[in-house]
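Encoded as structure tokens, the structure appears first; notes follow it.
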Amino acid sequence: MYALKATELCRGYGTGDLKTKVLDGFDLTLAPGAFEVLMGPSGSGKSTFLHVAAGLLTADAGTVEIGGTDVTALGDGAAAKFRRRHVGVVFQSFNLVDTLDVAANIELPVRLDHGRPNAERLAALVSKLGLEGKEHRLPDALSGGERQRVAIARALYAEPDVILADEPTGNLDVSAAKSLCDLLRGIHAEERSAIFLVTHDPVVAAAADRVHFLKNGKIAVSHDTPSHDPAEISRLYLETYK
Ligand SMILES: Nc1ncnc2c1ncn2[C@@H]1O[C@H](COP(=O)(O)OP(=O)(O)O)[C@@H](O)[C@H]1O
Ligand SMILES: [Mg+2]
């Protein structure tokens with residue numbers, strides 16, 4: 001069983017002769033608990049893949065299985081429900097609810113799912129993400145790094161099969177981005193969720209154990225990155241897109 005398995009996935013935009021193929025036979029497998037990264041130039045289809053995998057966008061062909069369920073076969077309502085239990089999504093723009101405090105934002109998916117919030121789980125995540133004492137603040141009163149940590153706590157809450165993160169450090173300064181990545185590595189060791197992260201920042205990518213490079217709609221090459229060295233990732237990137 002995989003945390004995520006994409007098979008021959010295709011997705012384009014437009015119709016007829018104007019149709020562009022963004023994903024074109026995209027294959028990927030992610031083991032349970034893996035921490036891997038997808039890199040590629042702007043416009044190569046990274047966000048398109050994450051949106052299809054999260055059930056936020058339909059596929060033209062192919063499948064994406066998460067925890068054994070084909071998300072491309074779910075209707076909108078079923079996809080939303082499935083996402084709340086099995087997929088944690090983190091966006092560049094945080095996507096917090098401005099009128100809810102930190103605790104309520106983290107518990108939002110479980111409440112939407114008619115589940116009972118678990119105070120211990122909340123406290124554990126608040127602590128792991130360094131948000132102690134900020135539980136009752138509104139997002140406006142948080143830094144960008146703190147907002148993204150709230151979004152990550154929310155994504156982790158239900159112990160999903162996979163966290164899909166789309167350039168989660170894109171709106172953060174260099175040091176906030178670095179500390180978020182260090183945090184992700186630590187959390188990853190303790191949580192069961194696999195992490196699949198899209199970024200074009202080698203410092204962020206270095207947090208993961210494996211990097212995939214997207215080219216012409218599919219993964220062109222993948223490397224294990226046990227050294228967690230940003231310079232090594234930069235070298236591989238430049239070699240792939242020379
Ligand atoms: N809603 C859309 N309509 C038409 N073209 C789109 C749409 N969304 C993305 N694209 C195009 O698809 C390609 C891949 O986009 P995207 O997945 O956002 O790439 P990335 O995240 O790697 O920058 C780009 O050429 C982009 O312009
Ligand atoms: Mg993108």
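The values are calculated or read from the model by the stated rules, or taken from the named source; none is laboratory data. Values in this document were obtained by computation on a predicted structure and should not be read as measured data. Glycine gets a Cβ as well: all are built from the backbone with ideal geometry, and neighbour counts include every protein chain shown. We work out accessible area using only protein heavy atoms, side chains counted, and drop any ligands, DNA or RNA first. Shrake-Rupley method; radii C 1.70, N 1.55, O 1.52, S 1.80 Å.
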Positive-end residue, region 1-151 charge dipole about Cα centroid, Cβ charges, pick of Phe82, Pro139, Ala6: Pro139
In units of 2.2 N^0.38 Å, the Cα radius of gyration of region 130-242 is 1.14
Can you give the direction-averaged projected area of the convex hull of the alpha-carbon atoms in the chain, in nm²? 13.2
Where the eigenvalues come from the Cα gyration tensor of region 58-187, what are the semi-axes √(5λ) of the equivalent ellipsoid, largest first, in whole Å? 25, 18, 13
Which distance in nm do the two modelled labels at Ala73 and Ser179 give, with both placed 7 Å along the Cα-to-Cβ direction? 4.6
Could you work out what % of the accessible surface of region 122-242 is carbon and sulfur, using a 1.4 angstrom probe and leaving DNA, RNA and ligands out of the count? 51
Give me the one-decimal Kirkwood hydrodynamic radius in Å for region 100-173, with the sum taken over alpha-carbon pairs. 12.6
When the convex hull of the C-alpha atoms of region 1-127 is computed, what volume per residue in Å³ does it have? 149
Number of Lys pairs in the chain with C-alpha atoms less than 28 angstrom apart, excluding same-chain neighbours closer than eight positions? 26
What is the local net charge at Gly14, summed over the other residues whose Cβ is closer than 13 Å to its Cβ (Lys, Arg +1; Asp, Glu -1)? +1
Would you kindly compute the Cα radius of gyration of region 138-203 and its largest Cα-Cα separation (Dmax), both in Å? 11.6, 32
Per DSSP helix of 4 or more residues, -39500 (n - 2.57); summed, then divided by the residues of the chain. What does that give at 222 nm, rounded to the nearest 500? -10500 deg cm²/dmol
If you place +1 on the Cβ of every Lys and Arg, -1 on the Cβ of every Asp and Glu, and leave all else neutral, what size is the dipole of the chain about its Cα centre, to the nearest 20 Debye? 220
Let a ≥ b ≥ c be the square roots of the eigenvalues of the Cα gyration tensor of region 60-113; is it rounded (a/c under 1.5), or, if not, prolate (a/b larger than b/c) or oblate? prolate
So how far apart, in nm, are the two label points at Arg116 and Lys21 if each is 7 Å from Cα heading toward Cβ? 5.2
